[in-house]
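The values are calculated or read from the model by the stated rules, or taken from the named source; none is laboratory data. On a predicted model such as this, the values are computed, not experimentally measured, just so you know. Neighbour counts run over all protein chains shown; Cβ positions are idealised from the backbone, glycine included. For accessibility, only protein heavy atoms count, side chains too; no ligands or nucleic acids. Shrake-Rupley method; radii C 1.70, N 1.55, O 1.52, S 1.80 Å.
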Amino acid sequence: MAAFPPTTTPLEGERLTEVIKDWAAANGLVVRPPPAVISAEADPQGILATPVPVTLFPSPFPKVCFDQGVSVQKAYNELYAAISQDEGFLAQTIKDIGDSDDFITELWKVHLRVKAEGYVQHKSLGLFRSDYMVHQDTADSDPMIKQVEFNTIASSFGGLSAQTSALHKYLASTEYPLLESSIAHGKLDLPRNSSVAGLAGGIRQAFIEYGAPTTSHSKCVIFLVQGGERNIFDQKHLEFELQKSEEPQIPVFRLPYAEILQHTRVADDSGRQLLYTPPKYPARTFEVAVIYMRSGYGPGDYPDQSAWEARYHLERSAAIKCPSVLTQVAGTKKVQQVLATPETPSNSSVLNNFLPSESSGRTAKLAATFTNIYPLDDTEAGLKARQIAQDPELCKKYVLKPQREGGGNNIYRSAIPEFLKTIPEAHYASYILMELITPPPVTNTILRNGKLEHGGVICELGIYGTCLWEGKSGKVLHNEQAGYLLRTKGDKSEEGGVAAGFGCMDSCSLV
Ligand code: ADP
Ligand code: MG
């Protein structure tokens, strides 16, 4: 095949822009418009939606790498389910991060409080996403994926990514064959993307596993969201998918994090059922079976102590949490760093503690996705990493990460030494230093807010997984790989968050 993605003529660019914008509106590949595009005053009723930034073509992505990500996902699910159940390991992680990190400290306190009175819900749901970039040791070695991070809370874009795959499939059959650099129908290898069905399937399974309601109320699912969420349609796709099933019928309500205490209460019963009264239907009350969190992952959602009370209130309730506090802590970058620390003659790899020894093949496959990550504490490895981080040349190959989620928190390359000077050395241990992955260059065109941007791009693959487990028996009740996400950003940008405005949606054309 000729160069892919092909360059398009200006007329073809116009045509694709038109087709994509209409397809996106018709199929819900949209977000609420950013204030830079439509000011709040111009849309006082909040009725507008606009196409999400997206590539004109699915980016070429090595099939071996895609298959590698898919093939390790169930092992990753199991690994993080096991970590979530190892309170001792997580307590040590919290200690290692240190109390300079207020957010993580408060989060852990929620767990300790609930532990003191005893958990009433031992089932836990994870909707995970493992993020990767393609890495190539040398120009002629085989490409492989290296993990950027593992998300255990609010893993987003599963709703929009299935739609993006569908968009590119549509273009491949209708538009690409007509281009001057024509791509014949059926030429591209576009993998199936089951992210919507997969993620909703995980929530449905938890809804079922919750069992029959033990109050007089029927069950519901709560999507715990941020007020003013612009990426609402990503979440709506999952909601609509859940509601498609006739049996069981699943009522879904969106609850802003700030309104938890206003609209829910924990039953006085020893069962501690979580009861929700929808503000618009005050005569109705539901027993919450599952809380799916699309908020609560960062300090922004906890402006005051009452927000922490609200988290405690949910955690002590009988609702199945996605995720529990323990699972959220399992997703910290510190845990990722500890897992990625290679085995030495004196130290066995932590990974082996979490996966049964008969699965050493799987352990090796997981370990192959790790890149070098170092602590920044006062251990020998940490002190070595501090030297790298403070060196104006060496630091250029690294990213410094705090224990945060949601984008915009990392410090890149040459900014690291300067940044470290601004924080007390006692806080260094709450960061990790990670080698930058530099994927082979890809060129594509991004359609953002009606304008085309052509150039070098960097692609990040996310593989979704759903896992439901029972903490008392350690039994995994459900474990599935659940579709994928391809996010692409201009190669001049460090961060790739679509919601943050840097990246865009994409899908894979396997090569
Ligand atoms: P967050 O939890 O805020 O999403 P990430 O660890 O995913 O934090 O980092 C945000 C973005 O920074 C990633 O999506 C990726 O684009 C970039 N990034 C992070 N770590 C690396 C790395 N090791 N190599 C290359 N890029 C990285
Ligand atoms: Mg990320």
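Listed values, structure above:
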read-out: Sum of -39500 (n - 2.57) over DSSP H runs of 4+, divided by residues of the chain (222 nm, nearest 500); value: -10000 deg cm²/dmol
read-out: Theoretical FRET efficiency, 1/(1+(r/R0)^6), r = Cβ-Cβ of K244 and A426, R0 41 Å, to 0.05; value: 0.20
read-out: Residues whose placed amide H lies under 5 Å from that of L224, excluding near-sequence neighbours; value: L255, Y292, M293, R294
read-out: Proximal charge balance of G471 [Cβ under 12 Å; K/R count +1, D/E count -1]; value: +2
read-out: Size of region 372-436 as Cα extents on the principal axes (Å, biggest first); value: 30, 24, 24
read-out: Histogram of C-alpha separations across the chain, 10 Å bin width, %; value: 4, 19, 29, 27, 16, 5, 0
read-out: Translational diffusion coefficient (Stokes-Einstein; Kirkwood radius from C-alpha pairs) of region 10-71 at 10 °C, 1.306 mPa s, in µm²/s; value: 111
read-out: Where labels lie 7 Å past Cα in the beta-carbon direction, separation of S473 and E309 in nm; value: 3.8
read-out: Cα-based Kirkwood hydrodynamic radius, region 1-145, one decimal, Å; value: 21.2
read-out: Of C459, I388, Y431, farthest towards positive along the dipole that unit charges on Lys, Arg, Asp, Glu beta carbons give region 366-484; value: C459
read-out: Simple label model, 7 Å out from Cα along Cβ direction - N372 to S182, nm; value: 5.1
read-out: Mean separation of Cα contacts under 8 Å, 6 or more apart, over the residue count of region 372-436: relative contact order %; value: 45
read-out: Solvent-accessible area per residue, Å², over the chain with all protein chains present [probe radius 1.4 Å]; value: 43
read-out: Alpha-carbon centroid distance for the pair region 332-364 / region 415-435, whole angstrom; value: 25
read-out: Lys, Arg +1 and Asp, Glu -1 on Cβ, resulting dipole of region 127-236 about Cα centre, debye, nearest 20; value: 600
read-out: Around Q92: net Lys/Arg minus Asp/Glu count, Cβ-Cβ under 13 Å; value: -2
read-out: Region 364-511: projected area of the alpha-carbon convex hull, averaged over directions, in nm²; value: 12.7
read-out: Flagged links, alpha-carbon separation over 29 Å, of K95/K492; K187/K396; K109/K401; K321/K396; K169/K219; K321/K421; value: K95/K492; K187/K396; K321/K396; K169/K219; K321/K421
read-out: Of all accessible heavy-atom area on the chain, the percent that carbon and sulfur account for (1.4 Å); value: 52
read-out: For region 42-127, diffusion coefficient by Stokes-Einstein and Kirkwood Rh (Cα), 37 °C, 0.692 mPa s, µm²/s; value: 183
read-out: Whole-Å distance, taken between Cα centres, linking region 478-492 and region 257-300; value: 30
read-out: Potential lengthening between K384 and N347 on full extension [0.36 nm per residue; Cα-Cα distance subtracted]; value: 11.6 nm
read-out: Residues of region 196-230 with amide N under 20 Å of the 7 Å Cα→Cβ point at V70; value: 196-202
read-out: Between region 1-45 and region 87-153, the Cα center-to-center distance that results, in Å; value: 35
read-out: Axial C-alpha extent at least 20 Å, average Kyte-Doolittle at least 0.5 - helices from the chain (DSSP); value: 195-209
